[in-house]
Amino acid sequence: MPMFVDTSPPGQCIFCKLVAGEIPSSKVYEDEQTIAFLDLGQLNPGHTLVAVKRHADNLLELTPDEAAAAMRTAHRVAHAIRKAYNPPGLTLLQCNGKEGDQTVFHFHMHVLPRWGDDGIGLSWPRKDPARDVLEQYAAQLRAAIAAE
Ligand SMILES: [Zn+2]
């Protein structure tokens with residue numbers, strides 16, 4: 001996971017400064033609601049971040065329209081990465097909260113070209129609960145969606 005952590009207050013965060021043009025970035029694309037620029041770390045060439053322009057800490061702070069715009073831009077960047085680098089794989093990574101491995105607290109999504117031997121790993125500790133436990137979880141989520 002990324003080691004850099006931005007501790008700036010909302011509105012003064014590095015991505016807000018980047019959107020405002022106060023700090024340089026290698027911009028790939030922008031539209032009314034989103035901006036795409038190269039991650040400084042470049043886990044692989046073409047590693048791009050898609051951010052919303054308005055400061056929103058994380059996914060839950062986005063409007064539905066901003067969330068859709070971010071995915072549209074990620075889709076566009078994914079096609080550009082395929083055209084430019086033709087990697088055999090591609091990973092989208094979007095982290096929320098410190099415990100969710102977020103390090104810059106302004107919504108963004110990684111669009112990451114992947115190669116079989118690139119050394120990038122994701123720990124995925126499966127719990128494999130029983131079917132009735134799965135149904136309990138699903139019932140909780142259905143109730144939460146119904147209450148929205
Ligand atoms: Zn910001």
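The values are calculated or read from the model by the stated rules, or taken from the named source; none is laboratory data. Treat the numbers as computed from the prediction; the structure is a model and nothing was measured. Note that we place each Cβ from the backbone using ideal geometry, even for glycine, and neighbour counts take in every protein chain shown.
Of everything listed in (1) modelled with pLDDT under 95; (2) small (Gly, Ala, Ser); (3) more than 16 Å from the ligand (Cβ to nearest atom), the single unmet condition for Ser8 is (3). Each residue in the stretch 86-141 was checked for being surrounded by 12 or more Cβ atoms within 10 Å (Cβ to Cβ) and touching a helix residue (DSSP H, G or I) at 6+ places or on another chain (Cβ under 8 Å), and 12 of them qualify. If you check Val111 against the conditions, is it in a loop (DSSP other than H, G, I, E, B) and in contact (Cβ under 8 Å) with a residue 12 or more places away in the chain? So Val111 does not fit the description; no. Just one of the listed residues (Asp31, Asp65) is among the acidic types (Asp, Glu), out of contact with any strand residue (DSSP E or B) (no Cβ under 8 Å at 6 or more places or on another chain), at pLDDT 95 or above and within 23 Å of Lys17 (Cβ to Cβ), and it is Asp31. Could you tell me whether any residue of the stretch 72-95 is of a type in the set (Gly, Ala, Ser), assigned to a loop (DSSP other than H, G, I, E, B), at pLDDT 95 or above and in contact with a strand residue (DSSP E or B) (Cβ under 9 Å, 6 or more places away or on another chain)? So far as the stretch 72-95 goes, no, none of its residues is of a type in the set (Gly, Ala, Ser), assigned to a loop (DSSP other than H, G, I, E, B), at pLDDT 95 or above and in contact with a strand residue (DSSP E or B) (Cβ under 9 Å, 6 or more places away or on another chain). Take the conditions (1) hydrophobic (A, V, I, L, M, F, W, C); (2) under 25 Å from Ile81 (Cβ atoms); (3) within 12 Å of the ligand (Cβ to nearest atom); Cys16 misses just one of them, which is (2). Beta carbons closer than 8 Å, at least 6 apart along the sequence or on distinct chains, pair a first residue in the stretch 77-106 that is under 21 Å from Ile35 (Cα atoms) and within 16 Å of the ligand (Cβ to nearest atom) with a second that is part of a helix (DSSP H, G or I) and not polar (S, T, N, Q) for Gln94/Leu59; Asn96/Leu59; Asn96/Leu60; Val104/Ile14; Val104/Phe15; His106/Ile14; His106/Phe15; His106/Cys16. The residue that is farthest from the ligand (Cβ to nearest atom), among those in the stretch 39-63 that are surrounded by 16 or more Cβ atoms within 10 Å (Cβ to Cβ) and in contact (Cβ under 8 Å) with a residue 60 or more places away in the chain, is Asn44.
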